[in-house]
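Every number in this text was worked out from the coordinates using simple rules, so none of it is lab data. The structure presented is a predicted model; accordingly, all values stated were derived computationally and were not measured. Note that we place each Cβ from the backbone using ideal geometry, even for glycine, and neighbour counts take in every protein chain shown.
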Amino acid sequence: MPGAIPTIAEAARQIAAKQLSPVELARACLDRVKAQDTRLHAFVLVTEERALAEARAAEAAIMANGPKGPLHGIPIGLKDIVDTKGIHTTCQSKILQDNVPEADAACAERLAGAGTVLIGKTTTHEFADGGPSFDLPQPPARNPWNPEHFTAGSSSGTGAGVAAGLILGGIGTDTGGSIRGPAALCGIAGIKPTYGLVSRAGVAPAAYTLDHIGPMAWTAEDCALMLQALAGHDRRDPASSRRPVPSYTALLGQGVKGLKVGVVHHFHETDHKVSDGTQRGIDAAIATLRGLGAEIREVQLSPLQDWTACGSMISIVERAAAYEEWARTRLHDFSERVRSRLLLGAFVSGVDYLQAVRRRRELRAELQTAMKGLDVVLTASQPTEASKIDEVPKWDLFQRPNFTMPFNVAGYPAISVCSGFGAGGLPVSIQLVGKPFQEPTLFRVADAFEKATPFRDRRPAPPP
């Protein structure tokens, strides 16, 4: 296999043309895991034997009949809150160190059905909550652009693994930004789809009404290919949508000429002023989209603080409800960060929770009105370049308003893509938001932006 790390789309074309062996591809990924993961900690479990067996099976099937689709033979990782039959799923917690599920989660099942090759289970925060903790069974993931820095969370290992080329794609989950945050700080693409589009069955809950499952990969196009396999109704998830699944790649290559892009300037310029590097990336992205023919409009919403307060209140209460029994019986087996958050959630009054639910309906209606006549909305994804991993505040959820939470509150699809590099050569990003179930348009805009900019040509330097 060539030294360059292919995207999923590139690898799929090469595999279909019999120019790339799935076994070679899997071995190349496993070699990079061995060379880099002692410093990155992207994986809690590497499934080398299974990966090579799956790669050999994929190669034999492709040689005989051609690939079943673009994911056949593609190496991936699954966040370690995703159940995997016969393989440990620990949620990065002392409580589940011996947990071996008897069935695959729906998302794992669908990716396996598409022919993917599982390289391993990727690092997460404990039960997808709490930030980088150093009192867990495994260390937190580190940023491939600079291992002294954070990846954001909680899909931290998937973000680090994709950026470093240890996997070509992977599963993340997103309750308040846990796909888009690591995508932003690791310089990759990651989409939180519309609420209910991807089944959550078999994935450990965080907050029931905010949880989303979605793909993370090097490009928006790769995310579209993965979402094609993931989307669709599943009776095991009561929130699962019954809407027909469209082609998520159908609009790729059509450009953005004539599309209307709304910019929520006050989110990132007033409500939570972003770093200079992040602002430059946003300004350049707006100029790029305008240059490609998009019409740029101003969007005004309630202050970012309102959205974050609403979503954070719902999140901490629903997380406390999800883990109430263990919080009563095994509280000290949780990390210090998660223990504090569970206790906080347990003491919120029912009145406060219901007021947040009522406010959520108002905010969602506001966004719906604001997006009439628009195709997508643009704002920041993260406020700054990645901070040092040992400088992440314990209560980061509440200290500053969060750019990603509004779209969990609303349930709207949102994607983070790299918009350049800031201080220390660390990635910066933009967040693009679409209307419900309009992922094809979201991918159209993100893909056009990526192909008009040079940022997908630059990878983190491998270790010396």
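Quick notes on this one:
- Remark: segment 22-457 carries a charge dipole of roughly 760 debye about the Cα centre, counting +1 on each Lys and Arg Cβ and -1 on each Asp and Glu Cβ.
- Under conditions of 25 °C and 0.890 mPa s, segment 22-457 yields 115 µm² s⁻¹ as its translational diffusion coefficient, taking Rh as the Kirkwood radius over Cα pairs in the Stokes-Einstein equation.
- Approximate spin-label separation LYS94-LYS372, in nm, with each point projected 7 Å along Cα-to-Cβ: 5.5 nm
- Within segment 111-133: backbone nitrogen closer than 20 Å to the ASP31 label point (7 Å, Cα to C-beta): 117-120
- Separation of the ASP283 and ARG361 label points, Cα + 7 Å toward Cβ, nm: 4.3 nm
- The separation of segment 421-453 from segment 131-170, counted between C-alpha centres, amounts to 21 Å.
- For segment 223-252 versus segment 20-65, the gap between their alpha-carbon centres in whole angstrom: 26 Å
- Across segment 116-127, computed HN-Hα scalar couplings (Karplus, 6.51 cos²θ - 1.76 cosθ + 1.60, θ = phi - 60°) run 5, 10, 7, 7, x, 9, 8, 5, 9, 6, 4, 6 Hz from first to last residue, x flagging Gly and Pro.
- Farthest toward the positive end of the dipole of segment 22-457, out of GLY202, ALA141, VAL256, is the Cα of VAL256, where the dipole comes from beta carbon charges about the Cα centre.
- Distance (nanometres) between label positions extended 7 Å along Cα→Cβ at GLU269 and THR38: 5.0 nm
- On the basis of the beta-carbon distance and an R0 of 35 Å, ARG458 and ARG243 show a calculated FRET efficiency of 0.40.
- Distance violations [Cα-Cα > 27 Å] among LYS192/LYS273; LYS85/LYS388; LYS192/LYS260; LYS68/LYS372: LYS85/LYS388; LYS68/LYS372
- Stretchable slack from LYS85 to ALA60, in nm (0.36 nm times residue separation minus alpha-carbon distance): 6.6 nm
- Where only C-alpha atoms are counted, convex hull volume of segment 85-234 per residue in Å³: 102 Å³
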